[in-house]
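All of the numbers you see were taken from the coordinates with simple rules; none came from a lab. Predicted model, so just to flag it, every value in this text is computed and none were measured. Using ideal geometry, Cβ is built from the backbone for each residue, glycine included, and neighbour counts are taken over all protein chains shown.
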Amino acid sequence: MTGDQQKALVTTGLYEGWVRGDWAKVEEEFYGPDMLVHIPEQAQALDREGWRGMRGMLLEGFPDFGMRVIDIVAEGDRVALRWEMSGTHNGRFAGFPATGKRFLVAEFVIVRIADGKVAEFWLGPDRLEHFRQLGLITDTPPPRALLVALRAVSRLTALVPRRAGAGRRPGISTTHTPPAEYRTTGGPDGPPARRAIEELWSGSEAEAVTDLYAPGVVVHHPDAPAPVEGREAALSLHAERRRAFSGYRVTVEDIVGEAGLVIARCRASGTHSGDLDSMPATGRPFSIEKFAMFRIVDGAVEEVWMLPDRMSLMQQLGLAPEGPPPRPLIALMRLRDRGRS
């Protein structure tokens, strides 16, 4: 299949299944029989049945659920995209009754194609922003807000049906880095994107590679209230992470790109040894998934979109429990009351 054919396969399959609702057609024409879906909050991959269950819960909570592809690239057997999801919370979702509020979030996904069908998904969701827009968490105090979000997401993923043994197919990684035969290079602009991730973001020699960023670079980070503009401000953002997380490293696990646009799935790790924003040091180690997209011109990064798995980070730092509560809505209201007191 050509790159354009692979893009059409992925986007048409997503639209037919999630927007038009013709799931039987999607499973027959677009998804392979052993398809797997990797979600950061779940240690075990979903199979087709689990993916169908996830879709059912989302459509129950958001009957007008919609999606729009913003950016898409194809390379080798991979398609990577950044999409926008939206909907109105008019039904029960993750244990929460309808709020009537709308959400609009941008997320990432990387797809592997095999034998003309989708064989594997790696999702990069932004559940924290999703729940925030629904009013199910508050912006202050952050640890308590994150606690509620984590509990809700844990409840949601625990309800998804999974076939025994799903995600343990020989030869396919179900956790982190794909086997070597599946890896791609990121296209012609893959090298500067990879160097930005592994040297500029986390390397001890970061100061020597600052020219990877264009002078007018713009960085979009979910923890920043607005886009970070300019090389100096962007470098300061990365330096804050290195100061807060000793031994901080970001490594590429999957990278897909074409000329001018690169999408990467990474792993960020370190130890929380310094304060970051409102989070005091916990001394705990962490290892989380992180997605990023780069717009590159003449070998220099002009724009970056970053999406770390903030929920898993909070769990690993001990700022939120890993298990779901039996009554998350009650927990939500109690935490809100504490936040006001």
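Using a Förster distance of 25 Å, how high is the FRET efficiency between Ala259 and Ser287, based on the Cβ-Cβ distance and rounded to 0.05? Could the numbers behind the result be given before it?
Working: r = 32 Å, r/R0 = 1.28.
So, using R0 = 25 Å, E works out to roughly 0.20.
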Point to revise | Ranked Asp223, Asp309, criterion: other C-beta atoms within 10 Å, fewest first | key: Asp223, Asp309
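Quick one: length gained pulling Glu199 to Val69 fully straight, 0.36 nm per residue minus the C-alpha distance? Could you put the intermediate results ahead of the total?
Working: separation 130, 0.36 × 130 = 46.80 nm, distance 2.99 nm.
Contour length minus Cα-Cα distance gives 43.8 nm.
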Point to revise | Two-decimal log10 I(q)/I(0) for the range 183-316, as the Debye equation yields it once each C-alpha is a single scatterer, q = 0.11, 0.14 Å⁻¹ | key: -0.36, -0.58
Practice item. Kindly rank 112-118, 72-78 from highest to lowest mean number of other beta carbons found within 10 Å of each residue. Key: 72-78, 112-118
Check your understanding: Computed FRET efficiency, Cβ-Cβ of Arg20 and Asp211, R0 41 Å: what is it to the nearest 0.05?
Key -> 0.30
Check your understanding: Could you put Arg55, Arg68 in order, starting from the residue whose Cβ has the fewest other Cβ atoms within 10 Å?
Key -> Arg68, Arg55
**Study point:** Cα-projected label distance for Asp34 with Glu302, points at 7 Å along beta-carbon direction, nm
**Key:** 4.3 nm
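For each of Thr210, Thr99, count neighbouring Cβ atoms within 10 Å of the residue's Cβ, then give the residues from fewest to most. Could you put the intermediate results ahead of the total?
On the way: Thr210 13, Thr99 16.
Ascending number of Cβ neighbours within 10 Å: Thr210, Thr99.
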Exercise for review: Report the FRET efficiency, 1/(1 + (r/R0)^6), for Thr2 and Ser86, where r is their Cβ-Cβ distance and R0 is 35 Å, rounded to 0.05.
Suggested key: 0.70
Review point. Given that compact globular proteins tend to follow 2.2 N^0.38 Å, what is the ratio of the alpha-carbon Rg of the range 1-102 to that value?
Key: 1.15
